[in-house]
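What follows is a short report on a single structure.
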Amino acid sequence: MSDEPRPTSAGIGRVLIAVYGILALAALGRSGYQIATKFDEAPVAYSLSALAAVVYVLATIALIARGTAWFRIAVVAIGFELAGVLIVGTLSIIDPMLFPDDTVWSQFGRGYAFIPLVLPVLGLLWLRRVARARREAASNTANDEEAA
């Protein structure tokens, strides 16, 4: 077994990457179509869907890529996603007129089976687990070096 810390793309991380990739494609397709064909009907909603799509693409890439910088980008992107779905979800319920058409994050991702609400929570929990494994591996390496 390798002493190298687990990458974000190992284990359940593969499932997260797959779901993020699918959601990115769905959000890109939907927002691209909406912006191209009826942007003037709900520019804020369609722009938010496009923003969500970009965040999903960034999160997917950051979860696949290795390195501390990409790990931090994953945390920021997924944290931003969670904030977005909570804020837009709440606003879309309190005042539906703010979003004349649904965004990916409207009503906490209802149009996407609430995956936009659940996914960032699972993603942040996974990243916390990976960070803990990395800290333990670094600590073990430091202890091994001191013992030698």
Considering only residues that are over 26 Å from V15 (Cβ atoms), hydrophobic (A, V, I, L, M, F, W, C) and assigned to a loop (DSSP other than H, G, I, E, B), look in the stretch 97-148 and name the one that is modelled with the lowest pLDDT. A148
What pairs come up if the first residue lies in the stretch 18-43 and is under 21 Å from L63 (Cα atoms), the second is surrounded by 14 or more Cβ atoms within 10 Å (Cβ to Cβ) and of a type in the set (F, W, Y), and their beta carbons are under 6 Å apart, counting only those six or more places apart or on different chains? Y20/Y56; L23/Y56; A24/Y56; A27/Y56
Which pairs do you get when a residue that is of a type outside the set (A, V, I, L, M), found in the stretch 133-148, comes within reach of a residue that is modelled with pLDDT under 80 and surrounded by 11 or more Cβ atoms within 10 Å (Cβ to Cβ), reach meaning Cβ atoms under 6 angstrom, with the pair 6+ apart or on two chains? R134/P5
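Residue by residue, here is whether (1) in contact (Cβ under 8 Å) with a residue 12 or more places away in the chain; (2) more than 18 Å from G21 (Cβ to Cβ); (3) open to solvent by 50 Å² or more (accessible area, probe 1.4 Å) holds:
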residue: L86; (1), (2), (3): yes, yes, yes
residue: F99; (1), (2), (3): yes, yes, no
residue: V104; (1), (2), (3): yes, no, no
residue: R110; (1), (2), (3): no, yes, yes
residue: G123; (1), (2), (3): yes, no, no
residue: L127; (1), (2), (3): yes, no, no
Would you check if L58 is free of Cβ contacts under 8 Å to residues at least 24 places away in the same chain and either assigned to a helix (DSSP H, G or I) or open to solvent by less than 60 Å² (accessible area, probe 1.4 Å) (or both)? yes
Output the residue which, of all residues in the stretch 1-41 that are open to solvent by 70 Å² or more (accessible area, probe 1.4 Å) and part of a loop (DSSP other than H, G, I, E, B), is modelled with the lowest pLDDT. M1
Give the residues of the stretch 79-112 that are over 22 Å from L58 (Cβ atoms) and either touching a Cys at 6+ places or on another chain (Cβ under 6 Å) or among the aliphatic types (A, V, I, L, M) (or both), sorted by residue number. L91, I93, I94, M97, L98
Taking the conditions exactly as written (open to solvent by 40 Å² or more (accessible area, probe 1.4 Å), in a helix (DSSP H, G or I) and modelled with pLDDT of 95 or more), does V44 satisfy them or not? no
Kindly evaluate G111 against the criterion of being over 23 Å from R129 (Cα atoms) and of a type in the set (G, A, S). yes
Single residue of the stretch 61-84 satisfying the filter (β-branched (V, I, T) and open to solvent by 20 Å² or more (accessible area, probe 1.4 Å)) that is farthest from G32 (Cα to Cα): T68
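The values are calculated or read from the model by the stated rules, or taken from the named source; none is laboratory data. On a predicted model such as this, the values are computed, not experimentally measured, just so you know. For neighbour counting, all protein chains shown are included, and Cβ atoms are generated from backbone atoms with ideal geometry for every residue, glycine included. In case anyone asks, the SASA skips ligands and DNA or RNA and just uses the protein heavy atoms, side chains included. Shrake-Rupley method; radii C 1.70, N 1.55, O 1.52, S 1.80 Å.
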